[in-house]
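Below is one structure; the comments refer to it alone.
The values are calculated or read from the model by the stated rules, or taken from the named source; none is laboratory data. Predicted, not measured: the structure shown is a model, and the values here were computed from it. Cβ: placed from backbone, ideal geometry, glycine included. Neighbour counts: every protein chain shown.
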2 protein chains.
Amino acid sequence: MNPTLEIFSQGEEIVTGQVVDTNAVWLSQQAVALGFTVTRHTAVGDKLDDLVQLLRDIAERADCCICTGGLGPTSDDLTAAAVAAAFNAPLQFDEIAFAQIQQYFINRNRVMAECNRKQAMLPQGSIRLENAVGTAPGFALQTGKCWFAFVPGVPAEMKHLFLQHIKPVLLMRYILKPSRLITIKTLGIGESDLQERLRTVPVPASVQLGFRAEIGEVQTKLLFPHDYPEQALDNLVETITSAIGDAVFAVDGRGQQPSDLIAVLDQLMSANRHSLAVVESVSHGLIAAKLVGVNWLQCALYEQPIINLAQRFNAVYCPDDLRTTAGNIARQVQSESGVTAVLIQLMAEINDKNDNKSLSVVTGLLINDQFKHAARTLNGDAKRTQQQAAFLALDLLRRYLQGKKIAA
Amino acid sequence: MNPTLEIFSQGEEIVTGQVVDTNAVWLSQQAVALGFTVTRHTAVGDKLDDLVQLLRDIAERADCCICTGGLGPTSDDLTAAAVAAAFNAPLQFDEIAFAQIQQYFINRNRVMAECNRKQAMLPQGSIRLENAVGTAPGFALQTGKCWFAFVPGVPAEMKHLFLQHIKPVLLMRYILKPSRLITIKTLGIGESDLQERLRTVPVPASVQLGFRAEIGEVQTKLLFPHDYPEQALDNLVETITSAIGDAVFAVDGRGQQPSDLIAVLDQLMSANRHSLAVVESVSHGLIAAKLVGVNWLQCALYEQPIINLAQRFNAVYCPDDLRTTAGNIARQVQSESGVTAVLIQLMAEINDKNDNKSLSVVTGLLINDQFKHAARTLNGDAKRTQQQAAFLALDLLRRYLQGKKIAA
C-alpha cells in the first residue's frame, strides 16, 4: 500500500472560481510520480473555523498533506493561525525567518511593511522551510500520523519550496515505490479507433491502461508497477506501439525529456536542414503561432479568398479542384521563397442535404519535388476548425518526415 | 447571510493531477453570481468509503452541493452507489431514464452496451435531471438541510444540466441576494500603475476592489453588495474608469454581454467597414490566430528576415530605421491588397552592456492615410514576446478606433 497524501489549498480566489488551482494539479503529479496515492484535494476560503476543522480531519485521514496559500502578510492569510489552533501549537517569533524577510526587502531596495513581521510567526514545533524566491517562509510539522508541509500559493514559490525542501524530506520519511508512466502520443486517430486496435493486445492486470484525448492528440497511458521487469515493459510498449501504427509520433517516459509534436518536428526539420513556408487558409495563423521559436519557418501567409491567394503568387486557380490549385500555389511559393518545403491548406464550404455546413479541406505538402496531399471534412465552429486544421497540416509534415503512411 | 454551497468532484484523473478541474471553477463562478457563498471544493477518487463519508460531511455543513463526475457506465463510476449508501436511499431502476438512454444510442445508430443500464439506477427519493446531450441523467435530492445535485463530469453535459435544470431550482429554493460584479478591462498598463492611479479614489468599505492580471490584460474588479444604489454604482465606475484613462477598453457587468478585446475590435472594425492586412514579424501568426471568425481580416503574413519582407512588397528597406521601413512596407501592402488598414510590427535584437538580449519593436498602423506608430522594448522567451507583441499591435488598433491617445 502506498502512503496517502492530500492536497489542501487556501484562498477565496479559488473557491469563488476566480483562479484555477494549478498548484493542486502540479503537486498531484509530483506526488503520484514519487509513489504516493493522492486521495483528496480540498480548497477552502479564509474562514478560520473551516481551516481548523479541515486540518484536524486531514491529520486523522492522511499520511501526508501539502498545503498551499494563506501565508501572506495580510489579515486574510490565516494558515499559520489555523495550524496553531488546530494542533495546539502557539505561534512563535522566528528570528532567522524575520532576518530573511528583512533581507528580501533590502535586496530589492524596498521598505518592509510592518505587517510582514507576521510572516515570521511559525507554529511551535514546526520546522522552517526557507524561501529563496519570496518573502514568506514555509513550514512543516508532524501531528499524529500525518506530516504537513505548508507553502505559499504563488506557483513559483510553491514549486521552489517543494523541489528544494519538501521532496527530499518525503524521500527520507516514506517508503515509496513509484510507478512508471509511459505515454504513447498519437495524432490523426480517434480514441475509439485506438481502443479498437488495442482490443486484442493482452495487457497484464498489474498494468493500468488509460486514454486521454486533447485537441488533435490522443494519449495512451500505461502505468506500470514499481517492480515491473524492464524487458517486459519494453516488450509491451513495443507491442502496443506497433498495434497502433503510423499515428504514433512520440513515446514519453523512458528517460528522455517528454516530447510534444513541435519538439518532434523541430528535431526532424533541423536534422534534415529543411526550411518551410506555410499557407494558412484554414489554420488562420495558428501553425505559425505554434511554431514560434523554431528557426526553419521562413514565412507564413493567411489570405482569403483562394482566388486572391492564387493571384498573389501568379498560380493557376482551378475553381473546382482544390488539390490542383494547392499544388500550383505551393510550387509558386517554393520558387519565390526558396524554401525546401511548403505546407498548404485550402478549403471549400459544403452544404449537405439538411443544409448543415462543413468544410472540405485539402492539405498539401510540397517537399523534395513531391506533392503529398490528404483530404478531410471538418465540422464545428471557427476556433475548432482552426485547431483541427493546424494539427492535420502539422501531422502531414510529421508523417512525411518520420517515413509514415500518408492517407490521401 | 448568503446560503453556503460546496462543490464536490469525483474522479481519479482529478486527484492524480491528470486533469484540471475546470468544472469546479465554472460552477463556482455561477454560484457566486447567483448569490451563494462557496465554502469549499473537494475532489476525491473512486474509493466508495471516501465518497460516502464525504457526502455525509457535506450534508451536515452546507446548504447546497453540486457534485460532478462518477455517473458513467463503468465499475469505477460510484457516485450513485455512494449516495445510496450515505443517505439510505437504495438504487431503483428508472424506466424513463432507461428509455432516454436507449434513445440516445438509437439516435446515433449505435448499440447500447449492457453496462449503460446501470446509468438508469437512481437513488430512492431523488428526482431525475434529464440530460439532452449525453447518456447519463443527473439527479438531485434533499437530505437534512442540504440540497444535492449530481451531474456528469463531461463539461458540456455538466453545463447543460446546470443551466437547464439546476439553476432554475436554485432560484426557487433559496433566497439569493447576488452581488454585482463590474470588471474594468485595460490594456497597456501594469497592475502597479493601475493601483497607483486609483490610490486617491475613495472606494466605500462595502465595495470590494480587486485586480487580476492576465497576459496583456489587467482587470480591475469591483464587487458591489446586492442593495448598492444604481446611481452610486454608476458614479463610482465612472470615477474609476476616468482615473485609469485611455487604457480602458471595456467595462463588463452592466447588462450587456461580457466583451473581450477581439469582440470590441470586431464591433468597431465592422461598424467602420474596415478591412485589415497584418504583417506579423513579431507576433508570429498569433494575431491572425486570435482573429479567427472575424470577416474583416483579409490577409496576414509572417516572414523573416525584414529584408525579404521588404523585397516581397518592393518596399524600400532602411536598415537602421524600423519605423520608416514599416511605413514603406505598410503602404505597399495596402496598395497591393486594397485593404483600408494595415497593422505591421518589425523588430531588431538589441544587446545591453551586460549582453542581455531584448527586442526593440516598432508597431505601426496605416489607416485613413495616416501612419500611427509606437515603439517598445520586449523581453522574455519567444512565446512571451509573441504574446506581448500581439497585444501591443491589437491595442494600437483599438486605441485608434476608440479615439484614444497613442504613445509614440
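Assorted remarks:
- Any hit, the stretch A:168-180, residues being crowded, with 16+ Cβ neighbours inside 10 Å, assigned to a helix (DSSP H, G or I) and of a type outside the set (Phe, Trp, Tyr): yes
- Evaluating B:LEU286 against the criteria (1) within 8 Å of chain A (Cβ to nearest Cβ); (2) farther than 29 Å from B:ASN379 by Cβ leaves one unmet condition, (2).
- Sole residue being within 14 Å of chain A (Cβ to nearest Cβ), assigned to a loop (DSSP other than H, G, I, E, B) and not aromatic (Phe, Trp, Tyr), chosen from B:GLY380, B:GLY403: B:GLY380
- Of everything in the stretch A:10-27 that is touching a Gly at 6+ places or on another chain (Cβ under 9 Å) and surrounded by fewer than 24 Cβ atoms within 10 Å (Cβ to Cβ), the residue that is nearest to B:GLY45 (Cα to Cα) is A:VAL25.
- One residue from A:PHE371, A:PHE391, A:PHE313 being out of contact with any strand residue (DSSP E or B) (no Cβ under 7 Å at 6 or more places or on another chain) and either more than 20 Å from A:ALA288 (Cα to Cα) or not aliphatic (A, V, I, L, M) (or both): A:PHE313
- Residue-level check: of (1) under 19 Å from B:VAL278 (Cα atoms); (2) crowded, with 21+ Cβ neighbours inside 10 Å; (3) of a type outside the set (Lys, Arg), A:GLN304 misses just (2).
- The criterion of at least 3 residues that are in the same structural domain as B:GLY188 (by TED's automatic domain parsing) and aromatic (Phe, Trp, Tyr) is met by none of the strands (runs of 3 or more DSSP E) wholly inside the stretch B:206-271.
- In the stretch B:325-347, the residues that are under 19 Å from B:GLN388 (Cβ atoms) and out of contact with any helix residue (DSSP H, G or I) (no Cβ under 6 Å at 6 or more places or on another chain): B:ALA326, B:MET347
- Against the list (1) surrounded by fewer than 16 Cβ atoms within 10 Å (Cβ to Cβ); (2) within 14 Å of chain A (Cβ to nearest Cβ), the condition B:PRO319 fails is (2).
- Selection from the stretch B:291-308 of residues that are facing chain A (nearest Cβ under 8 Å) and either under 24 Å from the mean Cα position of the chain (by Cα) or under 21 Å from B:GLU349 (Cα atoms) (or both): B:LEU291, B:VAL292, B:GLY293, B:LEU297, B:LEU301, B:TYR302, B:GLU303, B:GLN304, B:ASN308
- Only one of the numbered conditions (1) outside any strand (DSSP E or B); (2) closer than 15 Å to B:PHE148 by Cβ is violated by B:PRO73, and that is (2).
- Test: residue in the stretch A:8-15 that is assigned to a strand (DSSP E or B), within 21 Å of A:LEU129 (Cβ to Cβ), in the same structural domain as A:ASN116 (by TED's automatic domain parsing) and touching a Lys or Arg at 6+ places or on another chain (Cβ under 9 Å): yes
- Qualifying residue in the stretch A:183-191 (condition: closer than 30 Å to A:LEU265 by Cβ, in a helix (DSSP H, G or I), free of Cβ contacts under 8 Å to residues at least 60 places away in the same chain and in the same structural domain as A:VAL20 (by TED's automatic domain parsing)): no
- Filtering A:VAL237, A:VAL207, A:VAL248 for residues that are closer than 20 Å to A:ARG398 by Cα and either crowded, with 17+ Cβ neighbours inside 10 Å or not β-branched (Val, Ile, Thr) (or both) leaves a single hit, A:VAL248.
- Sole exception among (1) among the aliphatic types (A, V, I, L, M); (2) in a helix (DSSP H, G or I); (3) out of contact with any Gly (no Cβ under 6 Å at 6 or more places or on another chain); (4) surrounded by fewer than 21 Cβ atoms within 10 Å (Cβ to Cβ) for B:ILE101, by number: (4)
- Under the condition of being more than 24 Å from the chain's Cα centre (by Cα) and among the aliphatic types (A, V, I, L, M), the residues counted in the stretch A:383-408 number 4.
- In summary, B:GLN311 fulfils each of the numbered conditions (1) loosely packed, with under 14 Cβ neighbours inside 10 Å; (2) away from chain A (no Cβ under 13 Å) with the single exception of condition (2).
- Residue match in the stretch A:260-273 (condition: farther than 20 Å from A:ARG399 by Cβ and among the polar types (S, T, N, Q)): no
- Once the stretch B:47-59 is narrowed to residues that are in contact with a strand residue (DSSP E or B) (Cβ under 8 Å, 6 or more places away or on another chain) and surrounded by fewer than 20 Cβ atoms within 10 Å (Cβ to Cβ), the residue that is farthest from B:VAL20 (Cα to Cα) is B:ALA59.
- Of the residues B:VAL342, B:VAL279, the single one that is surrounded by 15 or more Cβ atoms within 10 Å (Cβ to Cβ), in contact with a Leu (Cβ under 6 Å, 6 or more places away or on another chain), away from chain A (no Cβ under 13 Å) and at pLDDT 95 or above is B:VAL342.
- One residue alone among A:GLU336, A:GLU349 is at negative phi, touching a Leu at 6+ places or on another chain (Cβ under 8 Å) and surrounded by fewer than 19 Cβ atoms within 10 Å (Cβ to Cβ), and that residue is A:GLU349.
- Summed over the stretch A:304-329, the residues that are free of Cβ contacts under 8 Å to residues at least 40 places away in the same chain, outside any loop (DSSP other than H, G, I, E, B) and under 16 Å from A:HIS373 (Cα atoms) give a count of 3.
- Checking each residue in the stretch A:19-40 for being facing another protein chain (nearest Cβ under 7 Å) and not in a helix (DSSP H, G or I) picks out A:VAL20, A:VAL38, A:THR39, A:ARG40.
One line per residue, one yes/no per condition, for (1) within 13 Å of chain A (Cβ to nearest Cβ); (2) among the charged types (D, E, K, R):
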site: B:ARG323; (1), (2): no, yes
site: B:SER337; (1), (2): yes, no
site: B:GLU349; (1), (2): no, yes
site: B:GLY364; (1), (2): no, no
site: B:THR385; (1), (2): yes, no
site: B:LEU392; (1), (2): no, no
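- Given (1) within 22 Å of B:ALA140 (Cβ to Cβ); (2) within 8 Å of another protein chain (Cβ to nearest Cβ); (3) touching a strand residue (DSSP E or B) at 6+ places or on another chain (Cβ under 9 Å), number of the condition B:VAL15 does not satisfy: (1)
- The set of residues in the stretch A:47-60 that are away from chain B (no Cβ under 11 Å) and in contact with a Leu (Cβ under 7 Å, 6 or more places away or on another chain) contains only A:LEU48.
- Residues of the stretch B:63-98 that turn out to be within 30 Å of A:THR16 (Cβ to Cβ), among the acidic types (Asp, Glu) and out of contact with any Gly (no Cβ under 7 Å at 6 or more places or on another chain), as a count: 1
- A search for C-beta distances below 8 Å between a residue of the stretch A:105-126 that is over 30 Å from A:THR143 (Cβ atoms) and any residue that is of a type in the set (A, V, I, L, M) and surrounded by fewer than 10 Cβ atoms within 10 Å (Cβ to Cβ), counting only pairs 6+ apart in sequence or on different chains, returns A:PHE105/A:VAL111.
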